[in-house]
Amino acid sequence: MKKLLYLGLLLLASWPLGAQAQAPDPWRLTADKIDPANYYGVTVANGILGIVSSPEPFKVKNVVLAGAYDQYGRGRVSNFLSGFNLLNMYLEIDGHRLNASDARNFRQQLDMQQAAFTTTFDYQDKATITYTYYALRHLPFTVLLDISIAAKKDLALTAASVMEAPDALREAQNYYNEIDRPHVTLSLLTSTANSPTGKLQLCASTSFLFEEPHGQEPRIIHEMWDSNMHLMKFSKMLKAGQTYGYGVTGATITSAHDPDPLNAAERMTIFARLEGKQRLLEFHRRAWQDLWKSDIQITGDAQAQQDVHSMLYHLYSFSRAGTDFSPSPMGLSGLGYNGHVFWDADTWMFPALLVLHPEIAKSLVEYRFRRLGPARANALAHSYQGAMFPWESADTGVEETPVWALSGPFEHHISACVALAAWQYYCVSQDKAWLRSTGWPILQATADFWASRVERNGPGHYDIKNVVASDEWAENVDNDAFTNGAARVNLQNAAAAARLLGLPANPDWALVAQNIPILRLPDGTIQEHATYHGEGIKQGDVNLLAYPLGVVTDPAQIRKDLTYYETRVPNEGTPAMTQAIFALLYARLGNGDKAQHFFQDAYLPNLLPPFRVLAETKGGTNPYFATGAGGVLQAVLMGFGGLDITPLGLVQRKTTLPTGWQSVKITGAGPQHKMYSVGR
């Protein structure tokens, strides 16, 4: 009976959320039955700037900037800051300010190909209003809002662009300027404020984009409401049948990104204003077109295709090449997990990005490399050698885990996860110059950490005691399987890097790696940790030895461990990644039915309305969980697609598609942008 109930819930979870009764569109997520009380917004982002949707017309929920942290609120640690809400607006038609109750045929749609979020609705029998906002991909601090009003009757329109400071910011100052040139008049609505402790200055500026010739644009009026809000507005008479369009463009930036953020925000706004809407959209769309050259194409499961595109879209949106930013578990979808960086970035999001966009993945390793100094200081403070990376990291790279969470001082596998990402980047890129300058310092310092971290209790007993496992329900345990296996791999990869570079490897690394134990239960199943006796688990800790670590390679052992631990994962309270790894391993073992079951179980019960955004757990409400997306994408790429990251680069191994799927094609993979396919 329980099994039937669970299958029924799984079928319900797989039913399209929102208005998607027809075959799901592979590129568009559409909602036209929106319940504001049960609404989980979708994000448009460009790797720096994230804008989170709202069910209320003309509003956005959050504006988030990567790298903008201050110490405030819960936990006495650095938290992500909400930025200036520079895309709110209002419309008045015939003197009436439109609100949610006025909107008829309300519809919202995310176009994942173009990273465009559009809202459309009717107001009485007078007008149809459409607006689309973009976090411009080619301009990391710049946004665009494109508005269209189709008049069905003669009407008087008043449109405002509103600049609002979040409550957490202080000492807000507001400015309005008009810059006249012979060919254009620039309106600049600008605000600046300090972060809660005064650590950062946050700034934003916007300008209207009009389609009328210079000299015929509407007159703009500036209104100051209070220190936290001001606006600029204009009025226009429209005739029945006329469609009127205008736009708002602007930029938001902080002193974490630029030493002079106030002037930078206005300069970037002026740049966007003079580029004009068509050029802004052209370059934005071209940038996303380039991103989507690296894609996963599925036949045989249209819903999986849409969901996989959504996961790719979010990972692409939350990260960016040429930076030293690394995504938090919730990416740029809000302030979840304080915006901190965990193993989620290195172990779960990084591999999918590495396969499809190595240039983006490189930024995640650069984030760690630039914070190697604080990791060394952290090791020293705990009496260890080398570098001990923090469990939670923000802008500076010091430990940011709240003190009530034991993972901060004890979840040490993070250092091996950072090292594995560095090694994997070399494996895919084959860039020895990068390995020497960036990868080697990380690998060397983390290997030194493990050599000092083990307790040498005789051959086969170089124990790693008192850790929080990757299964975080196991606190302060000895010889955790994943921690021990990851430490082994870290030491081995550091030695391999030394050989490649012609550098002397510490001979102690090999000795330590050979003597770190992997424990077993009496029946031969690998034991999660020294005191594990079959209790429920949060994370498939042991199963990670097979992938991504490659410590366990015997198919019989992999199958044995799967059979044991898949029954120890409860239906609630566990993150999406565990079932994704089960799906990946079963595909490699040739079991399409199990691969399909765990693929669906990894994320379908976690989807939230109306855009199928991914929560961390079944029944959870904290989207968007980019970590889970990264895990599911690894199941597709490395499981169903058969890809493997090896010291010789990407290779394809024999694998099995989930039951019901006809083919998987991976395009634009690796530095050579190769294509890989698996079919029946």
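The values are calculated or read from the model by the stated rules, or taken from the named source; none is laboratory data. Note that this is a predicted model, so its numbers are computed, not measured. In this analysis, Cβ positions are derived from the backbone assuming ideal geometry, glycine residues included, and neighbour counts consider all displayed protein chains.
Being out of contact with any Lys or Arg (no Cβ under 9 Å at 6 or more places or on another chain), farther than 25 Å from GLN424 by Cα, without any contact (Cβ under 8 Å) to a residue 12 or more places away in the chain and part of a loop (DSSP other than H, G, I, E, B): is that true of PRO504 here?
Numbers: out of contact with any Lys or Arg (no Cβ under 9 Å at 6 or more places or on another chain): yes; farther than 25 Å from GLN424 by Cα: no; without any contact (Cβ under 8 Å) to a residue 12 or more places away in the chain: yes; part of a loop (DSSP other than H, G, I, E, B): yes.
No.
Exactly one condition in (1) within 14 Å of ALA481 (Cα to Cα); (2) in contact with a Lys or Arg (Cβ under 6 Å, 6 or more places away or on another chain); (3) not in a loop (DSSP other than H, G, I, E, B) is not met by LEU544; state its number.
Of everything listed in (1) within 14 Å of ALA481 (Cα to Cα); (2) in contact with a Lys or Arg (Cβ under 6 Å, 6 or more places away or on another chain); (3) not in a loop (DSSP other than H, G, I, E, B), LEU544 misses just condition (2).
Between residues in the stretch 507-525 that are under 20 Å from ASP480 (Cβ atoms) and residues that are assigned to a helix (DSSP H, G or I) and of a type in the set (Ser, Thr, Tyr), which pairs lie under 7 Å by C-beta distance while being six or more apart or on different chains?
Pairs found: THR525/TYR564.
In the set VAL428, VAL398, which member is assigned to a helix (DSSP H, G or I) and among the aliphatic types (A, V, I, L, M)? Break it down stepwise before answering.
Values: VAL398 fails: assigned to a helix (DSSP H, G or I).
Unique residue meeting the criteria: VAL428.
Identify the residue in the stretch 648-665 that is under 18 Å from GLY592 (Cβ atoms) and aliphatic (A, V, I, L, M) and, among all such residues, is surrounded by the fewest Cβ atoms within 10 Å (Cβ to Cβ). Let's see the steps before the verdict.
Start the filter on the stretch 648-665 by keeping residues that are under 18 Å from GLY592 (Cβ atoms), which leaves 652-665.
Right, trim to aliphatic (A, V, I, L, M) and you get 657, 664.
Numbers: LEU657: 24, VAL664: 27.
My answer is LEU657.
When you scan the stretch 439-461, how many residues do you find that are in contact with an Asp or Glu (Cβ under 7 Å, 6 or more places away or on another chain) and either in a strand (DSSP E or B) or under 18 Å from TYR367 (Cα atoms) (or both)?
Keep residues of the stretch 439-461 that are in contact with an Asp or Glu (Cβ under 7 Å, 6 or more places away or on another chain), which gives 451, 454-455, 457.
Checking which are either in a strand (DSSP E or B) or under 18 Å from TYR367 (Cα atoms) (or both) leaves us with 455.
Result for the stretch 439-461: 1.
Answer yes or no: is there a residue in the stretch 619-629 that is free of Cβ contacts under 8 Å to residues at least 60 places away in the same chain, touching a helix residue (DSSP H, G or I) at 6+ places or on another chain (Cβ under 8 Å) and not small (Gly, Ala, Ser).
no
Would you confirm, using the coordinates I've provided, whether ALA272 is surrounded by fewer than 24 Cβ atoms within 10 Å (Cβ to Cβ), over 21 Å from the mean Cα position of the chain (by Cα) and more than 30 Å from PHE640 (Cα to Cα)? Let's see the steps before the verdict.
Working: surrounded by fewer than 24 Cβ atoms within 10 Å (Cβ to Cβ): no; over 21 Å from the mean Cα position of the chain (by Cα): yes; more than 30 Å from PHE640 (Cα to Cα): yes.
Considered against the rule, which asks whether it is surrounded by fewer than 24 Cβ atoms within 10 Å (Cβ to Cβ), over 21 Å from the mean Cα position of the chain (by Cα) and more than 30 Å from PHE640 (Cα to Cα), ALA272 comes out as no.
Each row is one residue, and each column tells you yes or no for (1) within 22 Å of ILE645 (Cα to Cα); (2) among the small types (Gly, Ala, Ser); (3) under 24 Å from the mean Cα position of the chain (by Cα); (4) in the same structural domain as THR43 (by TED's automatic domain parsing).
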site	(1), (2), (3), (4)
PHE582	yes, no, yes, no
GLY590	yes, yes, no, no
PHE599	yes, no, yes, no
LEU604	no, no, yes, no
PHE611	no, no, yes, no
LEU614	no, no, yes, no
GLY620	no, yes, yes, no
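I need a count of the residues in the stretch 402-418 that are over 21 Å from ASN490 (Cβ atoms) and either touching an Asp or Glu at 6+ places or on another chain (Cβ under 7 Å) or aromatic (Phe, Trp, Tyr) (or both).
Here is the first cut: in the stretch 402-418, the ones over 21 Å from ASN490 (Cβ atoms) are 402-406.
Narrowing further to those that are either touching an Asp or Glu at 6+ places or on another chain (Cβ under 7 Å) or aromatic (Phe, Trp, Tyr) (or both): 404, 406.
Selection size over the stretch 402-418: 2.
Only residues that are part of a loop (DSSP other than H, G, I, E, B), at positive phi and touching a Leu at 6+ places or on another chain (Cβ under 8 Å): list them for the stretch 651-680, please. Walk me through it before giving the result.
The initial filter retains those residues of the stretch 651-680 that are part of a loop (DSSP other than H, G, I, E, B), namely 653-662, 670-673, 680.
With the extra rule that they be at positive phi, the set shrinks to 660, 670, 673.
Correct list: GLY670 only.
In this structure, does ALA635 turn out to be closer than 27 Å to HIS340 by Cα and without any contact (Cβ under 8 Å) to a residue 60 or more places away in the chain?
Numbers: closer than 27 Å to HIS340 by Cα: yes; without any contact (Cβ under 8 Å) to a residue 60 or more places away in the chain: yes.
Answer is yes for this residue.
With β-branched (Val, Ile, Thr), modelled with pLDDT under 95 and not assigned by TED's automatic domain parsing to the domain that holds GLY67 as the only criterion, which of VAL403, VAL468, VAL398 stands out? Working first, answer last.
Details: VAL468 fails: modelled with pLDDT under 95; VAL398 fails: modelled with pLDDT under 95.
One residue alone meets the criteria, VAL403.
What residue, among those in the stretch 1-52 that are among the hydrophobic types (A, V, I, L, M, F, W, C), outside any helix (DSSP H, G or I) and farther than 30 Å from GLY83 by Cβ, is modelled with the highest pLDDT? Spell out how you get there, then give the answer.
Start the filter on the stretch 1-52 by keeping residues that are among the hydrophobic types (A, V, I, L, M, F, W, C), which leaves 1, 4-5, 7, 9-13, 15, 17, 19, 21, 23, 27, 29, 31, 34, 37, 42, 44-45, 48-49, 51-52.
Of the ones still in play, those that are also outside any helix (DSSP H, G or I) are 1, 15, 17, 19, 21, 23, 27, 29, 31, 34, 42, 44-45, 48-49, 51-52.
Pick out the ones that are also farther than 30 Å from GLY83 by Cβ and you get 1, 15, 19, 21, 23.
Working: MET1: 33, TRP15: 40, ALA19: 42, ALA21: 55, ALA23: 90.
Applying the filter and picking the extreme gives ALA23.
In the stretch 553-584, which residues are touching a residue at least 24 places away in the same chain (Cβ under 8 Å), outside any helix (DSSP H, G or I) and more than 16 Å from HIS413 (Cβ to Cβ)?
Scanning the stretch 553-584 gives VAL569, PRO570, ASN571, GLU572, GLY573, THR574, ALA576.
Mind telling me which of the residues GLY649, GLY628 ends up being more than 30 Å from ILE34 (Cα to Cα) and either of a type outside the set (Val, Ile, Thr) or in contact with a His (Cβ under 9 Å, 6 or more places away or on another chain) (or both)?
Numbers: GLY628 fails: more than 30 Å from ILE34 (Cα to Cα).
On inspection, the qualifying residue turns out to be GLY649.
Against the definition (part of a loop (DSSP other than H, G, I, E, B) and either buried (at least 22 other Cβ atoms within 10 Å of the Cβ) or at pLDDT 95 or above (or both)), how does PRO605 come out, yes or no? Break it down into steps so the answer makes sense when it comes.
Details: part of a loop (DSSP other than H, G, I, E, B): no; either buried (at least 22 other Cβ atoms within 10 Å of the Cβ) or at pLDDT 95 or above (or both): yes.
Judged against the criteria, PRO605 is not a match.
Do we find a residue being free of Cβ contacts under 8 Å to residues at least 12 places away in the same chain, assigned by TED's automatic domain parsing to the domain that holds LEU169 and over 17 Å from PHE141 (Cα atoms) anywhere in the stretch 257-276?
No, the stretch 257-276 contains no residue that is free of Cβ contacts under 8 Å to residues at least 12 places away in the same chain, assigned by TED's automatic domain parsing to the domain that holds LEU169 and over 17 Å from PHE141 (Cα atoms).
Between GLY75, GLY47, which is surrounded by fewer than 21 Cβ atoms within 10 Å (Cβ to Cβ) and small (Gly, Ala, Ser)? Let's see the steps before the verdict.
Working: GLY47 fails: surrounded by fewer than 21 Cβ atoms within 10 Å (Cβ to Cβ).
Matching residue, one of GLY75, GLY47: GLY75.
Take the conditions surrounded by fewer than 24 Cβ atoms within 10 Å (Cβ to Cβ), touching a residue at least 60 places away in the same chain (Cβ under 8 Å) and within 22 Å of THR574 (Cβ to Cβ) and apply them to TRP473. Does it pass?
Details: surrounded by fewer than 24 Cβ atoms within 10 Å (Cβ to Cβ): yes; touching a residue at least 60 places away in the same chain (Cβ under 8 Å): yes; within 22 Å of THR574 (Cβ to Cβ): yes.
Taking the combined requirement at face value, the residue satisfies it.
When only residues in the stretch 339-350 that are out of contact with any Gly (no Cβ under 7 Å at 6 or more places or on another chain) and of a type outside the set (D, E, K, R) count, which is nearest to PRO623 (Cα to Cα)? Outline the logic, then answer.
Within the stretch 339-350, the subset out of contact with any Gly (no Cβ under 7 Å at 6 or more places or on another chain) is 339-347, 350.
Then keep just the ones that are of a type outside the set (D, E, K, R); that gives 339-343, 345, 347, 350.
Values: GLY339: 13, HIS340: 15, VAL341: 16, PHE342: 16, TRP343: 18, ALA345: 16, THR347: 19, PHE350: 19 Å.
Once the filter is applied, the top-ranked residue is GLY339.
List the number of the failed condition for ILE360; all other conditions in (1) touching a Leu at 6+ places or on another chain (Cβ under 6 Å); (2) modelled with pLDDT under 95 hold.
(2)
Of the numbered conditions (1) at pLDDT 95 or above; (2) within 23 Å of MET638 (Cα to Cα); (3) not aliphatic (A, V, I, L, M), ASN515 fails exactly one; give the number of that condition.
Every condition holds for ASN515 apart from (2).
Could you pull out the residue among LEU87, LEU81 that is in contact with a strand residue (DSSP E or B) (Cβ under 6 Å, 6 or more places away or on another chain) and either over 30 Å from LEU155 (Cα atoms) or not in a strand (DSSP E or B) (or both)? Reasoning before the result, please.
On the way: LEU87 fails: either over 30 Å from LEU155 (Cα atoms) or not in a strand (DSSP E or B) (or both).
Result of the check over LEU87, LEU81: LEU81.
Are any of the residues in the stretch 156-167 closer than 25 Å to LEU335 by Cα, modelled with pLDDT under 95 and either basic (Lys, Arg) or surrounded by fewer than 18 Cβ atoms within 10 Å (Cβ to Cβ) (or both)?
Scanning the stretch 156-167 turns up at least one residue that is closer than 25 Å to LEU335 by Cα, modelled with pLDDT under 95 and either basic (Lys, Arg) or surrounded by fewer than 18 Cβ atoms within 10 Å (Cβ to Cβ) (or both).
Determine which member of the set ASP146, ASP125 is in contact with a strand residue (DSSP E or B) (Cβ under 9 Å, 6 or more places away or on another chain) and either at pLDDT 95 or above or surrounded by 19 or more Cβ atoms within 10 Å (Cβ to Cβ) (or both). Walk me through it before giving the result.
Details: ASP125 fails: in contact with a strand residue (DSSP E or B) (Cβ under 9 Å, 6 or more places away or on another chain).
Only one candidate qualifies: ASP146.
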